[in-house]
Amino acid sequence: MKKQIIMLPGDGVGKEIMEGARAVLNAVAGEHHHEFIFHEHAIGGSAIDRYGTPLPEETVKACSSADSVLLGAVGGPKWDHVEASKRPERGLLGIRKSLGLFANLRPVTGFSSLVHSSPLKTEIVDGCDILIVRELTGGLYFGKPSERREGGRTVIDTLKYTREEMERIVDKGFESAKMRRGKLTSVDKANVLESSRMWREVVDEKARDHPEVEVEHLLVDAAAMKLIINPRQFDVIVTENLFGDILSDEASVLTGSLGMLPSASIRTDGIGLYEPVHGSAPDIAGQDIANPLGMILSAAMMLRHSFGMEDEADEIERAVSDTLEGGYHTADLDIEGGRIVGTREMVEKVIENLSTKSISNAICSSYM
């Protein structure tokens with residue numbers, strides 16, 4: 001199978017972790033006789049420096065014609081004083097909107113070798129396996145007007161959704177629940193917001209078409225509390241943009257490290273943008289100490305959700321788990337009795353743990 005993949009390294013550690021993901025994908029391609037063709041383009045702060053905009057038109061065009069997109073990270077203190085409309089993060093919001101990527105999938109899965117690193121007690125988080133399905137292109141982040149008035153003394157933001165926007169993300173939530181353990185938690189603020197009351201109506205209507213899925217409604221404040229008290233009660237959480245942003249960041253610390261968590265932003269035809277949830281970490285860029293695993297696991301999500309390569313995705317995820325079980329970890333992680341390795345060596349260990357050793361060794365050699 002031949003696929004065109006756009007790489008958007010972005011800023012900070014983005015380039016280092018992106019190279020690691022490319023090496024792992026090349027190993028998988030060699031093993032399974034695929035052909036992955038990579039093209040690199042600018043986004044975020046690096047694009048501001050080169051083109052004066054966080055999202056060049058050339059990047060948008062390239063992503064629009066690709067089979068999928070991998071993104072490293074954007075932003076950093078260097079661009080903190082740039083005009084708000086041209087901040088690096090606007091590049092990320094813009095590419096999601098341009099590609100119509102309405103659904104963000106963020107899995108939160110604990111690795112047994114790292115569960116002791118969680119800020120919560122082991123017995124609370126051990127076995128935690130959650131998928132958060134967040135609406136990504138509507139709500140407060142995109143509603144108009146969003147402005148200051150009366151000489152800056154008044155501010156207005158607009159929360160706007162159409163019924164169709166709600167229906168398609170709720171459909172994705174039910175679809176995801178059916179592929180997992182069959183439980184869907186819908187999160188809203190229906191006791192206060194009219195948009196949430198409409199959201200709850202949509203969920204109840206869709207539930208009649210999916211009797212095999214157990215459905216519960218939670219107010220967002222209750223959901224935030226229960227994520228800490230008993231995260232294992234959740235399977236799939238579906239919610240709107242702002243709530244999803246907050247809850248997914250809260251859930252990301254359950255497993256002990258942001259560096260381990262991937263995410264996918266997709267649309268109905270399978271085209272997606274895949275990125276780790278951590279930031280650009282400019283303070284450690286270029287030092288060979290960044291954790292590449294969130295990026296590598298994001299590449300695995302790409303294989304599964306955009307390319308339908310379930311076996312290949314499983315192989316990468318097992319290789320990551322085996323590497324951690326072998327005691328290898330980057331400095332941001334803590335494995336008792338383990339060995340700290342750099343970014344490049346971590347990638348090499350993952351490749352070594354892929355199923356075909358001869359191909360893995362060949363790719364490792366080229367990566368070195």
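Of all residues in segment 115-131, those satisfying the criterion of being among the β-branched types (Val, Ile, Thr) and surrounded by fewer than 21 Cβ atoms within 10 Å (Cβ to Cβ) are 115, 122, 124.
Quick grid of which residues meet (1) in contact with a helix residue (DSSP H, G or I) (Cβ under 8 Å, 6 or more places away or on another chain); (2) crowded, with 17+ Cβ neighbours inside 10 Å:
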| position | (1), (2) |
| --- | --- |
| 33 | no, no |
| 61 | no, no |
| 76 | yes, yes |
| 82 | yes, no |
| 113 | yes, yes |
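Scan segment 150-167 and give yes if some residue there is in a helix (DSSP H, G or I), among the β-branched types (Val, Ile, Thr) and closer than 19 Å to residue 100 by Cα, otherwise no. The answer is no; no qualifying residue exists. When restricted to residues that are of a type in the set (Gly, Ala, Ser), over 23 Å from residue 345 (Cβ atoms) and in contact (Cβ under 8 Å) with a residue 60 or more places away in the chain, segment 236-295 contains 8.
Each residue in segment 316-345 was checked for being hydrophobic (A, V, I, L, M, F, W, C), at pLDDT 95 or above and within 20 Å of the chain's Cα centre (by Cα), and 3 pass.
Scan segment 85-103 for residues that are open to solvent by 10 Å² or more (accessible area, probe 1.4 Å) and over 16 Å from residue 142 (Cβ atoms) and the total you get is 1. For residue 106, the conditions (1) closer than 24 Å to residue 175 by Cα; (2) touching a Ser or Thr at 6+ places or on another chain (Cβ under 7 Å); (3) surrounded by fewer than 16 Cβ atoms within 10 Å (Cβ to Cβ) all hold with the exception of (3). When the residues of segment 173-212 are filtered to those that are open to solvent by less than 10 Å² (accessible area, probe 1.4 Å), among the hydrophobic types (A, V, I, L, M, F, W, C) and not in a helix (DSSP H, G or I), which remaining residue is nearest to residue 270 (Cα to Cα)? Looking at the filtered set, the residue picked out is 184.
In the set (1) farther than 21 Å from residue 92 by Cα; (2) modelled with pLDDT of 95 or more, the condition left unmet by residue 10 is number (1).
When you check residue 220 against the structure, is it surrounded by 23 or more Cβ atoms within 10 Å (Cβ to Cβ) and under 18 Å from residue 159 (Cβ atoms), yes or no? So residue 220 fails the test. The sole residue among 11, 49, 80 that is in contact with a strand residue (DSSP E or B) (Cβ under 7 Å, 6 or more places away or on another chain) and acidic (Asp, Glu) is 11. Comparison of 136, 71, 92 shows that the only residue that is at pLDDT below 95, within 18 Å of residue 14 (Cβ to Cβ) and touching a strand residue (DSSP E or B) at 6+ places or on another chain (Cβ under 8 Å) is 92. Restricting segment 159-173 to residues that are under 20 Å from the mean Cα position of the chain (by Cα) and of a type in the set (Val, Ile, Thr) leaves a set whose member that is farthest from residue 105 (Cα to Cα) is 170. Collect the residues in segment 142-171 that are closer than 20 Å to residue 130 by Cα and open to solvent by less than 30 Å² (accessible area, probe 1.4 Å), keeping them in residue-number order. If the condition is that a residue be closer than 20 Å to residue 130 by Cα and open to solvent by less than 30 Å² (accessible area, probe 1.4 Å), then 169, 170 are the ones that fit.
The values are calculated or read from the model by the stated rules, or taken from the named source; none is laboratory data. Not measured: the values here are computed from a predicted model. FYI the Cβ positions are ideal-geometry reconstructions off the backbone, even for glycines, and counts take in every protein chain you see. Accessible surface areas use protein heavy atoms only, side chains included; no ligands, DNA or RNA. Shrake-Rupley method; radii C 1.70, N 1.55, O 1.52, S 1.80 Å.
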